[in-house]
Amino acid sequence: MNAYRRLFSGPLGAIAIAVALAALAMIVAGVSPIAGFSALFGGALGGTSDIAETLVQTTALLFPALGITLAFRGGLFNIGAEGQLLIGGLAAGAVGAHLHAPTAVAAVVLLGLGAIAGGVWGGLAGWMKAYFNANEIISTLMLNFVAAALASYLVVGPLRSPQATGAETAPLPHSAWLPLIVPDTRLSISILIAIALAFLLRFVLTRTIFGYELRAVGEAPEAARRNGVQMRRMTWLTLALSGAISGLGGATIVTGVMHTFNTELSPGYGFTAIAVALVGDLDPLWVCVAAFGFGILESGGLAMQAVAQVPKDAIHVIEGCIILILAARRYVATRTESAPV
Amino acid sequence: MMDFVHGALATLVLLTLVKSAPIVYAALGGVISERSGIVNIGLEGMMTGGAFAAVVASYATGNAAVGLVAGVAVGALLGFVLGYGATKFKVDQIVAGMGINLIAAGGAAYGLVLLYNQPGASPQVHALGRWYWLLILFAFVCAFALHHVLYRTPWGLRVRACGENPRAVTSAGLDPLRFRLYAAVISGALAGLGGAFLSIGEVNIYSEGMTAGRGFIALAAVIFGRWTPWGATGAAVFFGFFEALQFVLQGRVAWLPSEAMQALPYLAALVALCGLVGKVRAPASDGVPY
């Protein structure tokens, strides 16, 4: 029983079950799984532009997934990546529209702003946790909705571009666009930033004192506290950094893909990223691999719908099942004891 | 002017009741599961599942009552998934709840295309008609019943004990996991009922995203109401009032953006969470597998 449970509660088991479920969804929709999967993978990996689009989705998922990884490793349940992503994108879009600077300067400024904004948003939950003992699961979740309302208010009202047909900010000047890796696609250098960040995060987690303390707090908070880790500082810092990574991701979507900001920035990347982080077993490098896998699902899902008539929403059911299966493993020590001191 | 004020007030009161009811149902669901020790982030998904199932069943049978039952049943089923996972496999309840939300939203969207071949919204179905006023009333009956059960019956005492100290329940010779499983199923059923109210009560279709975060608002209501049935109900009505106010004031009060009112339940929950409105304490073993 134990071996069975371990096998199927691991990422491999989840993937196997997900593939089976996907096949089932295709059969229910009256499509042979072979046709369905070939449409899925053909759409995601069939040509240069398809691969580029898959990598765009990969990048969009990778940033929040890395942010979530950091928070989970630190024992904090950040389910607010969606809001942090949005706020980061909002900051980049609001300032980027009026920023006329050389590309390198603009990129640094806008991505930095996105990271700061996301960091503030995440740090807010961290501050509430550190000083008021407010459960971060609920606060990060609630802040998602506050972020959505704020963004919606700003793009409908003060930040709305008079030229735009929809509710969005003025477009970014070309000089503020992130350079593309593959011409005529939407794939910008943001994927390189994300991968570099993954290596950096792994280094920080495994090779620095800060990372050691962060993991200690995550795995044995009481031991960490007794060994002199400043729990309050660690709490808000972890969530702020986690939010900053997601915010940076939001800024790369604005500067690299959308070139404007509106509330359609994320179709739920921040939530899917939880699954990505868990499938990647909270190891930044494996998270990259997992993000690529989910990127295939996200971009191939559309092709699967168009070519094989399998509704793309089946993808979300599959993602949900993966999350459900992986929930059987404990990632975050549930902390119920009183205020961190 | 006076006529408008009177009309608006009457509308506001009625609309508050209509808008509160689904949140009350889901919030009561949240109270019972959290009091038993299971955090239910999946309320939103259970509402979605209930809303969609109600429409599917009403469409298939032409009978809205069947739809209502189906909504409750699917909600309960999703509650069972959470409860079974939480008790049998000790899953991380937060992660599992998020999974349920994704499955329900994706499943409903998949079902729309598969069953009706139209993404976005279902065809029109038979709705509950006037019965839905009864359903609004029933929400408050449920609040009363849950209060009574939790505080005045042995079963309720045991459920609360499971949320505070499951070991004590074990040492009394009872199985806390069973109570938790029941509580999760009831929680799902209530959320499913709230969802069904949205789709075949208020309107007569299912449209994608129609729950619009009400499951999460209910979660906020649970916290704001300090994990008690009446508290959560009061908070749900409070949030329902602001939703109704948004409709009544639409376009009339320019200085107050509607987004501010949309954000209000969440801000209220954040304030409560910080302990700024009296002491807020979750059940001691809430979310801790046993």
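For chain B, a simple Cβ point-charge model (Lys and Arg +1, Asp and Glu -1, everything else neutral) yields a dipole of about 800 debye relative to the Cα centre. Largest first and in whole Å, the equivalent-ellipsoid semi-axes of segment B:14-273 read 29, 22, 17, each the square root of five times a Cα gyration tensor eigenvalue. How fast does the protein assembly as shown diffuse by Stokes-Einstein, in µm²/s, taking the Kirkwood radius from C-alpha pairs at 37 °C and 0.692 mPa s? D, rounded to a whole number, is 132 µm²/s.
With Cα atoms defining each centre, segment A:144-191 and segment B:57-73 are spaced 43 Å apart in the structure. The helix-only estimate of mean residue ellipticity at 222 nm for the protein assembly as shown, built from DSSP H runs of length n ≥ 4 each weighted as -39500 (n - 2.57), is -24000 deg cm²/dmol after division by the residue total. In this label model, A:ARG232 and B:LEU14 are separated by 5.4 nm, measuring between points 7 Å along each Cα→Cβ vector. Bridgeable aspartates and glutamates around B:LYS19 (alpha carbons under 19 Å apart, same-chain partners fewer than 8 residues away excluded): B:GLU44, B:GLU202, B:GLU208, B:GLU243, B:GLU259.
Taking the average, over residues, of other Cβ atoms within 10 Å as the packing measure, peptides B:139-148, B:201-210 rank B:201-210, B:139-148 from highest down.
Projecting the Cα positions of A:LEU248, A:VAL287, A:VAL229 onto the charge dipole of segment A:218-289 (unit charges on Cβ atoms of Lys, Arg, Asp and Glu, taken about the Cα centre) puts A:VAL229 furthest along the positive direction.
Counts of other chain beta carbons within 10 angstrom of each beta carbon in peptide A:144-156 average 5. Counting only whole DSSP H helices of chain A, the ones at least 24 Å long by C-alpha along their axis and with mean Kyte-Doolittle hydropathy no lower than -1.0 are A:11-28, A:48-73, A:103-132, A:136-156, A:190-207, A:231-253, A:284-308.
Per the Debye formula on identical point scatterers at the alpha carbon atoms of segment B:1-118, with no solvent, log10 I(q)/I(0) at q = 0.09 Å⁻¹ is -0.33.
Overall, the anisotropy analysis places segment A:129-267 in the oblate class: the square-rooted eigenvalues a ≥ b ≥ c of its C-alpha gyration tensor yield a/c not less than 1.5, with a/b not exceeding b/c.
Placing +1 on the Cβ of every Lys and Arg and -1 on the Cβ of every Asp and Glu, with nothing else charged, gives segment A:50-291 a dipole about its Cα centre of roughly 720 debye.
The distance between label points at B:LEU249 and B:ALA60 comes to 4.4 nm (points 7 Å beyond Cα on the Cα→Cβ vector).
Out of every Cα-Cα pair that segment B:159-290 contains, those further apart than 27 angstrom amount to 33 percent. Rg over Rh for segment A:226-279 works out to 1.14, using Cα positions for both radii and the Kirkwood form for Rh.
Quick note on segment A:50-291: its Rg to Rh ratio, both from C-alpha atoms and Rh being the Kirkwood radius, is 0.99.
With the whole protein complex present, A:VAL182 retains an accessible surface near 40 Å², based on a 1.4 Å probe.
Counting heavy atoms of the protein chains alone, B:LEU9 has an accessible area of about 90 Å² for a 1.4 Å probe.
Please give me, ordered by residue number, the GluC sites (Glu not before Pro) of segment A:216-267 that lie in loop per DSSP and have at most 15 other Cβ atoms within 10 Å. Here the GluC sites (Glu not before Pro) that fit, given the DSSP loop and packing criteria, are A:GLU264.
Within segment A:102-129, name every residue whose backbone N is under 17 Å away from a label modeled 7 Å from Cα of B:VAL271 along the Cβ vector. Backbone N within reach: A:128.
Accessible surface computed residue by residue for segment A:50-291, with neighbouring protein chains in place and a 1.4 Å probe, gives 36 Å² per residue. Packing, taken as the mean count of other beta carbons within 10 Å per residue, orders the peptides B:54-64, A:120-130 from highest to lowest as A:120-130, B:54-64.
The values are calculated or read from the model by the stated rules, or taken from the named source; none is laboratory data. All figures in this text were calculated on a predicted structure; none of them were measured in a lab. Counting neighbours? That spans all protein chains shown, and the Cβs are built from the backbone with ideal geometry, glycine included. To get the accessible areas, we keep the full protein, side chains included, count just its heavy atoms, and leave off ligands, DNA and RNA. Shrake-Rupley method; radii C 1.70, N 1.55, O 1.52, S 1.80 Å.
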